[in-house]
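Below is one structure, written out as structure tokens, with a few remarks after it.
The values are calculated or read from the model by the stated rules, or taken from the named source; none is laboratory data. Given the structure is predicted, the values throughout are model-derived calculations rather than measurements. We place every Cβ from the backbone using ideal geometry, glycine too, and count neighbours over all the protein chains shown. With ligands, DNA and RNA removed, areas are computed over all heavy atoms of the protein, side chains included. Shrake-Rupley method; radii C 1.70, N 1.55, O 1.52, S 1.80 Å.
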Amino acid sequence: MSGPHTWETFSPRHDRCSGRIRRLHTSLLLLFALLLTGSRFAPAHAQSTPTASRAGDLQFGGGFTFGNSDYNFNRVSLDGGAFYITFDKRSHWGYEGDFHQVKPASDSTVYERTYEVGPRFYLIKGRFAPYAKVLYGRGVYNFSGNVANIAYNIYTFGAGTDFYLTQGLNLRGDYEYQNWQSFPLSTLHPGLITIGVAFHFRQ
């Protein structure tokens, strides 16, 4: 793409980079503090009840997202937010829906917005619930200067863990590797990290 906003100009300035690093450190410190608090005060039985005695486990939450993307083989740092919902009908198996919107600090007209859904596999290890997921959906890319807003099919591989802080509150650390199909030059493969918190309902 041409014009004053080229992807070669997307190297973040020192102050913007420092601000992003400070936000990431703050989020990680908050997560660590909550984990310590949860380990001390969360009830020992704060885990899923047997499948035969429940209709399913539902959670919905949101968080801060950080990551990297690319366009024409140039790396771009991103930040933004995410919302997610999971429903685990069977022991170890369930479904997840995710929404992300992220953008580079150097160009406010550019953003990547995604909507995805798919199956997930999880395990219960005390208060931790590590999982893996495969999602499929749509991604909307808004190009620099608002010259175009185009949707693409995407698929994602992801993994992470939920931590049962209390019986009704979960913390999450999540990683996704997205593949945007038919994107110009096949160059868009964002990697996103989300630190989040969710309300958890056992039905």
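Can you say whether Ile195 is open to solvent by 50 Å² or more (accessible area, probe 1.4 Å), within 20 Å of Phe60 (Cβ to Cβ) and assigned to a strand (DSSP E or B), as far as the supplied structure shows? Break it down stepwise before answering.
On the way: open to solvent by 50 Å² or more (accessible area, probe 1.4 Å): no; within 20 Å of Phe60 (Cβ to Cβ): yes; assigned to a strand (DSSP E or B): yes.
It is false that Ile195 is open to solvent by 50 Å² or more (accessible area, probe 1.4 Å), within 20 Å of Phe60 (Cβ to Cβ) and assigned to a strand (DSSP E or B).
Which residue is most open to solvent (accessible area, probe 1.4 Å), if the candidates are limited to the stretch 151-188 and must be in a loop (DSSP other than H, G, I, E, B) and within 30 Å of Ile124 (Cβ to Cβ)? Spell out the reasoning first.
So the first thing to find is which residues in the stretch 151-188 are in a loop (DSSP other than H, G, I, E, B), and the list is 167-168, 181-183, 187-188.
Okay, now just the ones that are also within 30 Å of Ile124 (Cβ to Cβ), so 167-168.
Values: Gln167: 85, Gly168: 30 Å².
Step by step, filter the stretch 151-188, then rank; the result is Gln167.
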Thr114: passes all of (1) over 16 Å from Asp70 (Cα atoms); (2) of a type outside the set (Gly, Ala, Ser); (3) within 13 Å of the chain's Cα centre (by Cα) but (1)
Return only the number of the condition from (1) of a type in the set (Ser, Thr, Tyr); (2) buried (at least 18 other Cβ atoms within 10 Å of the Cβ); (3) more than 25 Å from Ser106 (Cβ to Cβ) that Tyr141 does not satisfy. (3)
Count - residues of the stretch 72-87 that are in contact (Cβ under 8 Å) with a residue 24 or more places away in the chain, of a type outside the set (S, T, N, Q) and open to solvent by less than 50 Å² (accessible area, probe 1.4 Å): 6
Do we have Ser69 as farther than 19 Å from Phe163 by Cβ and either open to solvent by 30 Å² or more (accessible area, probe 1.4 Å) or of a type in the set (Val, Ile, Thr) (or both) here? no
If you check Tyr136, Tyr164, Tyr155, Tyr175, which single one turns out to be touching a residue at least 24 places away in the same chain (Cβ under 8 Å) and out of contact with any Lys or Arg (no Cβ under 9 Å at 6 or more places or on another chain)? Tyr155
Which of (1) touching a Ser or Thr at 6+ places or on another chain (Cβ under 9 Å); (2) touching a residue at least 40 places away in the same chain (Cβ under 8 Å); (3) surrounded by 14 or more Cβ atoms within 10 Å (Cβ to Cβ) does Thr109 not meet, given it meets every other one? (3)
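Residue-by-condition table, conditions (1) farther than 13 Å from Ile193 by Cα; (2) modelled with pLDDT under 95; (3) part of a strand (DSSP E or B):
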residue	(1), (2), (3)
Thr65	no, no, yes
Ser69	no, yes, yes
Arg75	yes, yes, yes
Thr86	yes, no, yes
Gly94	yes, no, yes
His100	no, no, yes
Asp107	yes, yes, no
Tyr115	yes, no, yes
